[in-house]
Amino acid sequence: MATEIIPELIEEAAFHFKNHLNLDSNERILFSGKFGKGKTTFLTEFFNQQEQYAGGELYDTIFLDPVNYTVSSNEDIFKYIKYDILLHLLMQRKVELENIQFTFQEAAQYYLASHPFKAIGGLLSYIPKIGMLIDEVKPGLEKLHEKILALKKDTEAVTEDNKASNFLQLLQEQPYSIYENDVITELIRKLLLQNNGKQNVLVIDNLDRIDPEHIFRILNIFSVQMDYSLWQTKMDKFNFDKVIVVCDIHNVRNIYANRYGTNVDFSGYIDKFYSSEIFYFQNYEPLRKAHHNILRQLSFIDEQENKKGLNQLGTDFGLFYLVTAMIMQNLVSLRQMLNFCASERDLPELIVVSKKGNGERQLYNTPLLEMMVLAKLVGGYHELTKAIEILASNNTQISNHEQHFKLLVNFELWNNFSETSNGEYTWRFDGHEFRININEDWDDFAGMTIRRFEKINSSFPEYTPSYAVYYKLYNKILHEFNLLKYVE
């Protein structure tokens, strides 16, 4: 199911992203979207299916994950970036190292030729630190080793040039300055030229996952690499055609303000990471449709032992509308939806008994079933409670909330009140006292009809609940039944 929903989530956003990529001189791209919205899934699918989404095989892409760098010093991060890029190139491409021509003027090559095993050993030492397996890059490393040995043989005799030796010594003393230009950097440039006419794209991903203490240190190091235009015609040290930085710009802005103060100019800092404008990854409508399609595939067993879909519930307490509201408020993510896809589709058969002796109901005929589904979707009872509280604090609009509010009131009366002879109830909620008149012939809350609902001692007795009040009642029922036992 997870693989089936990916195309419908990609298609609309891919059209806009394709146009953004094609903007003139759009070499630096800041790709912004909320955490968990599927940014990595989108970019991976977009570049893996370029014929479908990009209009042809136009790009060779390397993804870097800076999470691997956070515990390292700045000097080590310079190294990790280079080795990470190189190892990706050796793993992803059928590189033709025999066609790469080095010159003696590329001073760092001399060092590599003189210390071949040290250079290969350096590459091997960084493989586990950037999350790769040696077997994945072994063929490329073997070719590189052969090339270095051949180069060593050609250059061993040229050792009398003291100026070159002094220059090499200087490079060895400051190997990771912002202007370093060692053999690994030059090798990356040459390998990137083997692109069959495609554009080379570097994607700096998962900045959302970096601890706030490290995020700007990592960004500053990448900024230095991207601003390496003093002697270069391309925008960055390695000559990538495009560099895409992936993050949530709103989250980064808040972290920046907390760290440096609200009076410090954030725009002046962040605009170096994009050439034209920030690309905002918006997939609310596709997410809504995908969530609703998944929910419709859930099933329950009714009292006649028939298996039915969730959309065949006799009473709708607002599940689909609540999911839409949570998506619009970024309270449910693509990642949560994909995890939900892998969970059990058949809903449990549970009995709910009224506290006041008003009978019992199958779970599917109460709001608790929908609450349980939502709790599973967002990751648990506590997470659902927090999500509903956020919806209430924002007074988030939700369709048909008045109708659903009355259904929740029915359930509240059924559960907490003894039946009266005349159908009159006094209900206290949210600091108000209400008089509620119900039809007298109900046998359970499903048969209740509210005939009158008004505030007591009010100049305006006719009552229309706000969105926030609806959410508060929803959470009240959540707390009373403590769905934790059903969910976790």
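The values are calculated or read from the model by the stated rules, or taken from the named source; none is laboratory data. As the structure is a prediction and not an experimental result, all values here were calculated from the model. In this analysis, Cβ positions are derived from the backbone assuming ideal geometry, glycine residues included, and neighbour counts consider all displayed protein chains.
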Of the residues N482, N439, N475, N457, which is within 24 Å of K386 (Cβ to Cβ), of a type in the set (S, T, N, Q) and at pLDDT below 80?
N482
Qualifying helices (runs of 4 or more DSSP H) (wholly inside the range 25-97; at least 2 residues being buried (at least 21 other Cβ atoms within 10 Å of the Cβ) and either touching a Cys at 6+ places or on another chain (Cβ under 9 Å) or touching a residue at least 12 places away in the same chain (Cβ under 8 Å) (or both))
39-48, 74-92
Yes/no for F31 being assigned by TED's automatic domain parsing to the domain that holds I221 and closer than 23 Å to N196 by Cβ
no
Subset of the range 36-60 that is closer than 26 Å to R189 by Cα and hydrophobic (A, V, I, L, M, F, W, C) - its residue that is nearest to the chain's Cα centre (by Cα)
L43
Which listed residue is at pLDDT 80 or above, outside any loop (DSSP other than H, G, I, E, B), more than 36 Å from the chain's Cα centre (by Cα) and in the same structural domain as L368 (by TED's automatic domain parsing), from R451, R428:
R428
Which listed residue, of Y59, Y53, is farther than 19 Å from V245 by Cα and among the aromatic types (F, W, Y):
Y53
Being outside any strand (DSSP E or B), at pLDDT 85 or above and assigned by TED's automatic domain parsing to the domain that holds R335: is that true of L413 here?
no
Scanning the range 386-410 for residues that are modelled with pLDDT of 85 or more, polar (S, T, N, Q) and crowded, with 18+ Cβ neighbours inside 10 Å gives T396
Residues of the range 378-396 that turn out to be in a loop (DSSP other than H, G, I, E, B) and farther than 9 Å from A468 by Cα, as a count:
2
